Amino acid sequence: MSYDKVTKVHSQIIIGTKQALKAMNNGEISEVYIAGDADRNITQKVVSLASELDIPCEWVDSMEKLGAACGIEVGASTVAIKR
């Protein structure tokens with residue numbers, strides 16, 4: 001279900017933790033998807049900031065599937081949806 005949403009809004013996504021954090025701080029993000037199999041040390045920053053900024057944060061099971069939903073050939077730990 002979450003993968004479908006990422007696929008549908010392909011032109012409005014930001015892929016990657018660093019880029020997502022920057023866009024979140026700039027107020028550009030409406031929601032965030034995080035892969036459950038990603039390194040927690042990396043994704044925890046996104047989870048914390050999302051909580052602080054009241055941005056909905058949804059967990060998905062696989063980096064590989066999240067990357068595929070974004071149209072990239074590698075896994076994605078974090079994907080943010082622009083407002």
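The values are calculated or read from the model by the stated rules, or taken from the named source; none is laboratory data. Model, not experiment: these values are computed from the prediction. Here the Cβ is made from the backbone with ideal geometry for all residues, glycine too, and neighbour counts use every protein chain on show.
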So in segment 64-80, with the set limited to residues that are of a type in the set (A, V, I, L, M) and surrounded by fewer than 21 Cβ atoms within 10 Å (Cβ to Cβ), which one is farthest from Lys18 (Cα to Cα)?
Ala68
In segment 2-18, what residues are closer than 15 Å to Met63 by Cα and loosely packed, with under 12 Cβ neighbours inside 10 Å?
Asp4
Between a first residue in segment 42-67 that is closer than 12 Å to Val79 by Cα and in contact (Cβ under 8 Å) with a residue 60 or more places away in the chain and a second residue that is part of a strand (DSSP E or B) and of a type outside the set (Val, Ile, Thr), which pairs have beta carbons less than 7 Å apart while being 6 or more apart in sequence or on different chains?
Leu66/Tyr33; Leu66/Ala35
Please specify each residue of segment 19-37 satisfying the condition of being of a type outside the set (Val, Ile, Thr) and within 16 Å of Met63 (Cα to Cα).
Ala20, Tyr33, Ala35, Gly36, Asp37
Conditions (1) out of contact with any Cys (no Cβ under 8 Å at 6 or more places or on another chain); (2) surrounded by 16 or more Cβ atoms within 10 Å (Cβ to Cβ) -> Val32 fails only (1)
Could you list, ordered by first residue, the pairs with Cβ atoms under 9 Å in which the first is in segment 1-26 and closer than 16 Å to Val47 by Cβ and at pLDDT below 80 and the second is of a type outside the set (A, V, I, L, M) and part of a strand (DSSP E or B), at least 6 apart or interchain?
Ser2/Tyr33; Ser2/Glu58; Ser2/Trp59
